[in-house]
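This report concerns only the one structure given below.
Every number in this text was worked out from the coordinates using simple rules, so none of it is lab data. The structure presented is a predicted model; accordingly, all values stated were derived computationally and were not measured. Every residue, glycine among them, receives a Cβ derived from its backbone with ideal geometry; neighbour counts consider all protein chains shown.
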2 protein chains.
Amino acid sequence: MRARVFVTLKPSVFDPQGRTIVEALHTMGYGDVGDVRQGKYFELEIETTDSAKAKAMAAEVADKLLANPVIESYRVEIV
Amino acid sequence: MRARVFVTLKPSVFDPQGRTIVEALHTMGYGDVGDVRQGKYFELEIETTDSAKAKAMAAEVADKLLANPVIESYRVEIV
């Protein structure tokens, strides 16, 4: 099964990369873009047919390796 | 409206970060994880109520700034 993991900075954490992107977009004429948050995205291929097991494993992997739970939050989707 | 942009390396492009993550996971005991691809994830806040316009703008922004179309592909979702 394929799992998607989205890792983003928590809302209270300042995101300088996102801020830089917004400023670049405004310079390029995209004034309608109000805010940008940058995160990481992972696609995991998990060798199981049990979607609950795949989701649990992806969440465990996100918690232990892919995200820093102090400043980042993550979301897991099974596709 | 909020747009989500997912940027991933094209399937033909080697992903050393993903490879390193797989090896780390195998070492940690997650042998069921067969493959990992790492990408970037962006959340854009676009000041419009027209979802078609928001999607078109997010795709344009992805093409011009967020992704490198030579080696990366992107996907846009409006939420």
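Computed over the alpha carbons of segment B:1-65, Rg followed by Dmax gives 16.5, 48 Å. Under the convention that each Lys and Arg Cβ holds +1 and each Asp and Glu Cβ holds -1, the size of the dipole of chain B around its Cα centre is about 120 debye.
Between B:Ser12 and A:Glu45, how high is the FRET efficiency from 1/(1 + (r/R0)^6) when r is the Cβ-Cβ distance and R₀ = 22 Å? Nearest 0.05. The computed FRET efficiency comes out at 0.85. Report summary: the helix-based calculation at 222 nm, which adds -39500 (n - 2.57) for every DSSP H run with n ≥ 4 and divides by the residues of chain B, gives -9000 deg cm²/dmol. Using a cutoff of 8 angstrom between alpha carbon atoms and counting only pairs six or more residues apart, the relative contact order for chain A works out to 52 percent.
Return, ordered by residue number, the residues of segment B:1-43 whose backbone nitrogen is under 17 Å from a label point located 7 Å along Cα→Cβ of B:Lys53. Counting backbone N atoms under 17 Å from the label point, the list is B:1-3. Using all pairs of distinct alpha-carbon atoms, the Kirkwood hydrodynamic radius of the protein assembly as shown works out to 16.5 angstrom.
With r defined as the distance between the Cβ atoms of B:Thr20 and B:Glu60 and R0 fixed at 22 Å, what FRET efficiency is calculated, to the nearest 0.05?
With a Förster radius of 22 Å, E is 0.10.
Placing +1 on the Cβ of every Lys and Arg and -1 on the Cβ of every Asp and Glu, with no other charges, gives the protein assembly as shown a dipole of roughly 0 debye about its Cα centre.
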